[in-house]
Every structure is written in structure tokens, then in C-alpha cells.
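Worksheet: one structure, shown below.
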Amino acid sequence: MRTAVTDTDSVGVAADSTDKWRRDHERRAARAAVDPRYYGMMPRGVRLRANMIRAGLSA
């Protein structure tokens with residue numbers, strides 16, 4: 001019996017997925033840096049990155 005090939009079997013797909021999450025995290029942090037209501041709804045990591053953006057620090 002053969003197993004099905006899944007999307008996660010490819011290293012390239014896994015890297016694309018990581019980039020997707022990284023871009024999403026940066027997008028959320030950028031918005032949280034300028035929107036106090038959105039900032040309050042974000043998890044700690046996004047809030048910390050938003051604080052870095054406000055302070056003008058790079059990742």
C-alpha cells in the first residue's frame with residue numbers, strides 16, 4: 001500500500017508556509033502599531049513586534 005504525497009512532503013512548500021506566517025505576523029504588527037484597539041486584541045508576540053515598530057527598531 002502506498003501513502004499519499006502531501007503538501008508537507010516538500011521542503012519548498014514548508015518554507016512557503018513559514019514565509020506566509022511571517023508575513024502575516026508582520027502585517028498584524030504593523031497594524032497594531034497604529035491601531036490601539038487592534039493592538040489590544042493581538043497576542044503578546046505581535047504586541048512586542050508592534051512596540052519595536054513604534055520605537056523604530058528593526059527585527
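Among the residues examined, Thr8 qualifies as surrounded by fewer than 10 Cβ atoms within 10 Å (Cβ to Cβ), in a helix (DSSP H, G or I), at pLDDT below 95 and hydroxyl-bearing (Ser, Thr, Tyr).
A quick yes/no check of all residues on (1) surrounded by 11 or more Cβ atoms within 10 Å (Cβ to Cβ); (2) assigned to a helix (DSSP H, G or I); (3) modelled with pLDDT under 95:
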{"position": "Ala14", "(1), (2), (3)": "yes, yes, yes"}
{"position": "Ser17", "(1), (2), (3)": "yes, yes, yes"}
{"position": "Arg23", "(1), (2), (3)": "no, yes, no"}
{"position": "Arg27", "(1), (2), (3)": "yes, yes, no"}
{"position": "Ala33", "(1), (2), (3)": "yes, yes, no"}
{"position": "Tyr38", "(1), (2), (3)": "yes, yes, no"}
{"position": "Val46", "(1), (2), (3)": "yes, yes, no"}
{"position": "Met52", "(1), (2), (3)": "yes, yes, no"}
{"position": "Ser58", "(1), (2), (3)": "no, no, yes"}
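The values are calculated or read from the model by the stated rules, or taken from the named source; none is laboratory data. Keep in mind that what you see is a predicted model, and the values were worked out from it rather than measured. Here Cβ is always computed from backbone atoms with ideal geometry, including for glycine, and neighbour counts include all displayed protein chains.
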